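Encoded as structure tokens, the structure appears first; notes follow it.
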Amino acid sequence: MKVNAFSILIPLMKITIIIPAKDEEETIGRIVESVLPFGDRVLVIDGHSRDATRERAVAAGAEVVLDNGRGKGDAYKVGIQEAGRDGIMVFMDADGSHEPKDIPKLIEPIVQDRADMVVATRLKAGSDDVDSSFSCFIRNIGGNFITVLVCLRFGLKITDVLNGFRSLRAEPASRLNLRADDFDVEHEMIMKAAKLGWRITETPSHEYARAGGHSKLPTYSKFYIFFWRFLVNLF
């Protein structure tokens, strides 16, 4: 970690920033460079990209580890294993949608022993990636519905369980026993943490529109699997 005001505030906490990426050559270099001041390690977990993602990540200062090619959840699991059990892990996307300057807000509640996991929320800080399309409407409705059910089931007070920008304590992360290989890892992580009694809170963070590449969200044909896994974890 570079020496700055941020590092002085948390001199004893190791910060590992984990960035799942696949075919993100347009953005990955800039993302890595922007998070370097906030972490001791930057791990790019590459999903077997067919472009220059790995090369540009290394050139920008990141360590690159290949996942098993199964999806975002697979990258999360590989990242947790590679990061080890010291300090704090921060997960963020590789498409430029998350605000690196908000990393201190994600870490502070854990450093102060007020939380074990902190999730960024778009609902309190806005999002640029909003349009009038039917798919966007369905995605927002589905995300809000899932969030309400998770909060009711586990007594949580968060508003955006599907936001991939989040931090958590590294030491107990391996006990989450994550199984999801795709985007459902985001709500699986929160529900399993809640079952283990973790203190989970949130912080506002504006979400930007994707800065390059294309979305890796699953097609409608896979949504039934997504919701089935959600219900299994919920109950």
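The values are calculated or read from the model by the stated rules, or taken from the named source; none is laboratory data. Quantities reported herein were computed from a predicted structural model and do not represent experimental measurements. Don't worry about glycine lacking a Cβ; one is built from the backbone with ideal geometry, like all the others, and counts go over all protein chains shown.
Please verify whether Glu171 is of a type in the set (Asp, Glu) and either modelled with pLDDT of 95 or more or loosely packed, with under 15 Cβ neighbours inside 10 Å (or both), treating the condition exactly as stated.
Here the answer is yes, as Glu171 does meet what is asked.
Somewhere in the range 160-167, is a residue at pLDDT 90 or above, within 22 Å of Ala83 (Cβ to Cβ), among the small types (Gly, Ala, Ser) and not in a helix (DSSP H, G or I)?
Yes, that holds for at least one residue.
Restricted to the range 168-187, and to residues that are in a helix (DSSP H, G or I) and touching an Asp or Glu at 6+ places or on another chain (Cβ under 9 Å), which residue is nearest to Met117 (Cα to Cα)?
Leu176
Only one of (1) out of contact with any His (no Cβ under 8 Å at 6 or more places or on another chain); (2) surrounded by fewer than 22 Cβ atoms within 10 Å (Cβ to Cβ); (3) modelled with pLDDT of 95 or more fails for Lys22. Which number is that?
Here Lys22 clears every test but (1).
Pick from Lys77, Lys72: which is out of contact with any strand residue (DSSP E or B) (no Cβ under 8 Å at 6 or more places or on another chain), closer than 12 Å to Ile18 by Cβ and not polar (S, T, N, Q)?
Only one candidate qualifies: Lys77.
Which ones in the range 44-67 are of a type in the set (A, V, I, L, M, F, W, C) and either surrounded by fewer than 23 Cβ atoms within 10 Å (Cβ to Cβ) or without any contact (Cβ under 8 Å) to a residue 24 or more places away in the chain (or both)?
Passing the criteria: Ala52, Val58, Ala59, Ala60, Val64, Val65, Leu66.
Please specify each residue of the range 89-110 satisfying the condition of being over 12 Å from the mean Cα position of the chain (by Cα), within 15 Å of Pro37 (Cβ to Cβ) and either hydrophobic (A, V, I, L, M, F, W, C) or surrounded by 24 or more Cβ atoms within 10 Å (Cβ to Cβ) (or both).
Ile107
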